[in-house]
Each structure stands twice: as structure tokens, then as C-alpha cells.
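Notes to accompany the following structure.
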Amino acid sequence: MIQNLKRRLLGEKLPTDKLSEEKFNVFWGLPLLASDAISSVAYAVDEILWVLVPAIGLTSYFWSPKIALAIIILLLVLTISYRQIVSAYPNGGGAYIVAKENLKIKYGLIVGASLSVDYILTVAVSISAGTAAVTSAIPALFPHRISIALFFIALMTIGNLRGVSESSKFFSIPTYAFLITILSLVIVGSIKSIGNGVMATPILSDSPVTFGTRAVSLFLLLRAFSSGCAAVTGVEAICDAVPNFKEPAVKNAKLAYVLLTIAVIITFGGITYLATVFHPVPNSQQTVIAQLAASIFGKGIMFYIIQGTTTVILAMAANTAFAGFPILLSIIARDGYVPRQFALRGHRLGFSNGILLLAIAAGTLIIVFQGDTHLLIPLYAIGVFTSFTLAQAGICLKWFRTKPKGWVYKAFINGLGTLITFITVIVIAITKFLSGAWVVLVIIPIIVLSMLKIRDHYSRIAKRLDIPNDRIERLKLSSKPTPYVIIPIQSLNVMVVKTLRYAKSLSNEVEVFNVETYEGEADKLRKKWAKLKTDVPLVIKQSAYRDIVGSLTEYIESNEHASRHGDFITVLLPQFVVAKPWEMALHNNTSLFIARALLNYRNIVVSLVPFQIEEKSELYKDIDLEIEEG
């Protein structure tokens with residue numbers, strides 16, 4: 001049933017040799033990997049105005065374009081820098097690989113932890129913002145925003161589990177639809193602004209936000225800048241996923257960066273310009289884009305188209321994280337700093353474990369923060385700007401060390417980027433510290449320490465299991481005496497007889513073990529065993545505390561046969577298997593608990609002897625019992 005459901009939801013399982021087909025070109029790859037950065041314009045302007053309007057009122061609309069220009073300059077520097085990283089590291093991994101190879105491993109882990117936090121927050125913020133767009137258009141849905149957000153995450157998870165090829169086509173169309181509607185909004189709004197002049201009053205006169213009259217300060221502008229930096233998050237995703245592009249992968253990834261930058265400049269710059277003209281007021285009930293659309297187009301069909309595409313792109317923007325996070329995690333897993341399960345490809349050749357982890361973590365954040373974008377934003381940018389800083393510092397050192405052609409220009413760009421993003425990290429850490437940035441500053445070191453502990457574990461296990469080449473040649477696989485076999489049973493039945501036959505084929509020294517949990521319980525077993533006519537002894541131990549596993553392990557530990565029969569005692573556990581999986585829940589499954597407990601013992605070999613229960617099978621057919629006639 002589970003396998004059928006999996007095939008229906010995710011499609012047929014793909015063989016490994018189809019991996020080369022699970023790649024995308026620029027047209028489909030750009031929206032898949034850049035949807036986070038493109039969609040950020042839907043809330044980046046809101047975040048700038050949330051800082052400025054309550055403090056300086058209408059003066060906000062004078063300063064917001066200047067802050068937007070600074071963010072666009074930052075985006076240009078990042079784009080040039082990451083194009084250089086794509087050329088230098090075409091196998092993906094982005095900032096993590098750059099920091100690990102050019103700085104120290106701990107800086108690579110800081111980048112890995114920072115980007116992991118950022119990807120999780122990308123999903124939480126994008127889905128929350130998309131839900132806000134829904135509730136802006138239909139206010140009656142506001143109380144159900146968390147359920148709507150979790151539904152979007154479930155949809156994204158299923159889409160990505162279906163594979164890169166399908167998800168790129170499924171999630172790309174909404175990105176292009178959003179770009180078209182935003183361009184329409186910017187063009188029509190600009191035409192109206194030229195004809196009508198600048199509006200001097202806010203769109204929402206009944207807004208709960210108070211218009212402040214404080215003086216403009218550098219600290220205030222830096223706070224607004226740090227909030228607006230959400231517009232450049234997601235830039236690293238293309239660099240992380242270079243191998244997912246079709247050949248020539250490097251050329252396609254670099255072209256995607258150019259198109260991404262153009263799209264963000266036009267949309268983010270356009271929305272900022274319209275905000276200076278129409279004076280939208282930030283509030284939790286209606287987004288800036290919703291206010292602009294209502295003012296420019298009215299509450300007609302175009303308003304709902306814009307809200308619909310904004311909702312979808314904000315939800316789909318989370319796909320940037322779904323595309324980048326599993327790849328990043330798989331690379332770190334291959335280095336041994338996160339569980340190796342994250343390096344395994346799943347049903348449709350995607351890194352399914354990373355996708356599921358991302359969905360669970362983001363869903364938890366949405367529940368904890370009640371799907372409020374404004375509460376999540378302070379946690380958002382510090383992680384990604386930490387990775388920006390270390391990546392650019394690493395690639396800058398690489399240019400100084402290798403001195404390739406044009407290295408001075410490259411080092412200057414990366415050095416400038418390092419300085420700008422480092423200052424931005426400090427600004428975000430200071431201005432957003434009490435608003436929630438402290439949480440990220442605590443979580444990232446915890447994740448890094450966890451990564452180091454995981455690596456230490458893998459190193460210890462590998463060291464313990466390794467056999468040096470010079471010792472392999474001297475090893476002798478000498479035979480050992482036949483094992484002593486113990487069969488724990490509850491009663492004498494068909495599957496016990498099958499297990500006995502198998503045990504006798506392994507060794508001449510076999511015994512059967514039973515735990516009597518109350519007096520007289522084993523009497524029936526004794527009578528049946530006496531009729532069996534076998535030389536296999538039956539050992540019965542009483543347990544006043546009804547502890548079957550404990551009684552067995554205590555008996556094995558006190559058993560003297562281990563010293564006479566080599567290193568091991570073999571425990572064979574009869575286990576029946578029913579036709580319908582849910583029926584297993586109706587049984588004690590004692591054999592499975594015994595097997596798990598005995599795994600902790602050094603000199604015990606545990607084997608399960610399966611017996612399939614089939615309702616229509618012929619009695620005794622599976623074990624071919626020899627029954628005396630007459």
C-alpha cells in the first residue's frame with residue numbers, strides 16, 4: 001500500500017543511469033534557483049518601510065529609494081563575485097567549498113551551518129509571505145494562515161520529491177507569471193504617476209501604523225538597509241547547484257546570474273519607485289504590493305491576478321531552498337560532517353532526506369512564529385550574509401595565492417564584496433539582535449559543534465574498523481568450532497520446528513530456551529516437548545518480573561558454552577510474517593525486541609528465521625514436516 005501510494009505521488013522510481021536527464025537548462029533552471037531572490041521584492045520594500053515609517057513618517061519615501069540603491073549595488077557585487085566562484089568551482093557546493101578549501105575547515109562548517117539556517121528560514125519566510133498575500137486578498141482566511149502555510153510546504157515537498165526535471169517545470173511557470181504581472185504593475189503605475197504627480201497622502205489613512213516625526217539617524221538607515229537586504233537572499237543557490245545545469249553547466253549558471261540580477265533590479269527598483277509615489281503604509285493585514293495594486297488597478301480582476309501570482313511566487317520561492325539545501329547537505333555529508341543518509345539519492349534521484357528535513361524544520365518555524373513574516377525576517381539575513389562574507393574572503397585569498405590572469409581585478413571585486421557583506425553582517429547582528437537575530441547567533445555555533453562531533457564519530461568508527469594493507473596480507477581466515485545455538489521460544493509450533501531444523505544444520509549443539517513468567521505457565525510446553533522425540537534440550541527459567549529479554553541475556557552471559565565454542569553464541573529467533581503489514585501491530589513481536597537488545601553484546605550472533613503466514617497455504621507445507629503415519 002505504501003509503495004503504491006509512493007508511486008502515485010512521486011511517479012515511478014528512476015534508475016541511476018537516468019541521472020544525466022535530471023538536469024535543467026537556463027530557461028527552466030533560472031526560476032527554480034532564483035525564485036527566492038526574485039520573490040523577495042514582494043516583502044523587501046515592506047521591511048524597509050516597517051523600519052522607516054513609524055520613525056520618520058513621510059520622510060521615509062525620500063530615503064527608501066536611496067536604501068534600495070545601496071542594496072542593488074550590493075547585489076551587483078555579489079553577482080560578479082559568485083560568477084567567479086562558479087568558474088573556479090564548477091562542481092557545486094558554493095560558499096561551503098570555497099571557505100573549506102581556502103580558509104580553514106571550521107569556516108567551511110560555519111558557512112554550511114549558516115546556509116542551512118538560511119535555507120530553512122527561506123522556506124518559512126517565503127511560505128509565510130505567500131500566505132500573507134492570500135489573506136490580504138481574502139481577509140476571512142487570516143485565522144487559517146498556519147494551515148494554509150503548512151499546506152504549501154506539503155505541496156512543495158511532494159513536488160521536489162518527484163525529481164529535479166519535473167519540479168523545475170512545475171515551479172518555473174509561476175515565477176515568469178509573477179515577473180510579467182509586476183512589470184505590468186510598474187509600467188502602469190509609472191505612467192499614472194507621471195500623469196497625476198506624487199501623492200502626498202498615504203493609501204491607508206486608517207492604518208494602525210503611527211507616522212513618526214523623529215530625526216533621520218544613521219542607525220535608523222542602517223536598520224532599514226539590513227531589513228531590505230532580504231532582497232538579495234537566495235543569490236548563492238545558483239552557485240550551490242551548478243551541476244544541475246545542462247552542459248555547458250558553468251556557462252549556463254553564469255548566464256542565470258546575469259538574468260537574475262536584471263530581474264531583481266527591475267522589480268525591486270520598480271516597486272521601490274512606486275512606493276515613493278503612492279505612499280503605501282506597511283501593516284500586517286495588507287502587503288505593500290497589495291496596496292499598490294489596489295491603488296493602480298482598483299479592486300478588479302488585475303488586483304486579484306497580482307495577488308494570485310504574488311502568492312504563488314512567494315510560496316514557490318521556497319523552492320530555491322528545496323533545490324539548494326539538499327545538494328549542500330549532500331556535499332557536507334560526503335565530507336562526514338552530517339549523517340551520511342543525506343548523501344543518498346532517493347526514489348526520483350533527488351536527495352530526499354534533505355528535502356524532508358527542510359520541510360519539517362520550516363514547518364516547525366511557521367508554527368512557532370505563527371506564520372508572521374515580520375517576526376521571521378530578523379532571523380533571516382544574518383546567516384546568508386555570514387556565508388557571503390566567508391565565501392568572498394576565501395575566493396579572494398585563492399586569487400592572491402594562485403594569481404591567475406586578471407587576478408587583481410577579481411581580488412578587488414571579492415575584497416570589496418567581503419568588506420560590504422562583513423559590514424552588513426555586523427549591522428544586522430546589532431540592529432536585529434533583540435528582535436531575534438540572537439537566536440541565529442546561538443544556533444549556528446551549536447550546529448558547527450554538532451558537525452564536528454559527527455565527524456569525530458565517523459573518524460573513530462573508521463579507525464576502529466580499518467585494516468592496514470600490510471596486515472591484510474597476514475590475515476588468516478581459519479575455521480572455528482561449530483557454534484552453540486540457542487533458540488528462544490514461547491511455545492512449540494510450526495515455525496519453531498522450522499527453526500530447529502535449520503539450527504541442526506548449523507551445529508550439533510543446540511538448546512531451546514523459554515522464560516516462565518508465572519508458575520505453571522510452561523507446563524503445556526514441557527508436555528509437548530516430551531512428545532517431540534528430540535535430543536535438543538529445553539531450558540526453562542523463571543522470571544518473577546516477567547522480563548523475557550533480561551532473563552535471556554542473563555542466561556547467555558552465565559553460559560559456559562561460549563568459552564568452549566569459539567568467540568560466538570548464535571541465537572536463532574523464530575519470527576512469523578503476516579500477509580498484511582498492519583496485522584503485525586496485533587502481536588508482541590518479541591523476537592524483534594530480543595534481536596535489538598542482543599545487538600549490544602560483543603559475542604552474540606543474532607539471526608531471524610522468517611515464517612510466512614499465508615491463509616490459503618497448505619498446512620506444514622513451508623517446513624515439510626515428516627509425520628509418522630498410522
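The values are calculated or read from the model by the stated rules, or taken from the named source; none is laboratory data. Quick caveat, the model's predicted, so the values are computed rather than measured. No Cβ is skipped: glycine too gets one built from the backbone with ideal geometry, and neighbour counts run over all protein chains shown. Just the protein is used for accessible areas: all its heavy atoms, side chains included, with ligands, DNA and RNA removed. Shrake-Rupley method; radii C 1.70, N 1.55, O 1.52, S 1.80 Å.
Side notes on the structure shown:
- Residues being open to solvent by 100 Å² or more (accessible area, probe 1.4 Å) and either closer than 10 Å to residue 542 by Cα or touching a residue at least 24 places away in the same chain (Cβ under 8 Å) (or both) - total across region 516-527: 3
- Residue identified as more than 22 Å from residue 248 (Cα to Cα), among the β-branched types (Val, Ile, Thr) and open to solvent by 10 Å² or more (accessible area, probe 1.4 Å) among 97, 73, 80: 73
- For region 19-51, filtering for residues that are among the acidic types (Asp, Glu), crowded, with 17+ Cβ neighbours inside 10 Å and either touching a Leu at 6+ places or on another chain (Cβ under 6 Å) or over 22 Å from residue 227 (Cα atoms) (or both) leaves 1.
- Verdict on residue 353 being under 25 Å from residue 233 (Cβ atoms) and free of Cβ contacts under 8 Å to residues at least 40 places away in the same chain: yes
- Residue match in region 433-447 (condition: exposed (fewer than 15 other Cβ atoms within 10 Å of the Cβ) and modelled with pLDDT of 90 or more): yes
- Residue in region 461-480 that is open to solvent by less than 80 Å² (accessible area, probe 1.4 Å), touching a residue at least 40 places away in the same chain (Cβ under 8 Å), under 30 Å from residue 515 (Cβ atoms) and touching a His at 6+ places or on another chain (Cβ under 9 Å) present: no
- Among residues of region 52-66, those that are within 15 Å of residue 219 (Cβ to Cβ) and either open to solvent by 10 Å² or more (accessible area, probe 1.4 Å) or of a type in the set (Asp, Glu) (or both), counted: 2
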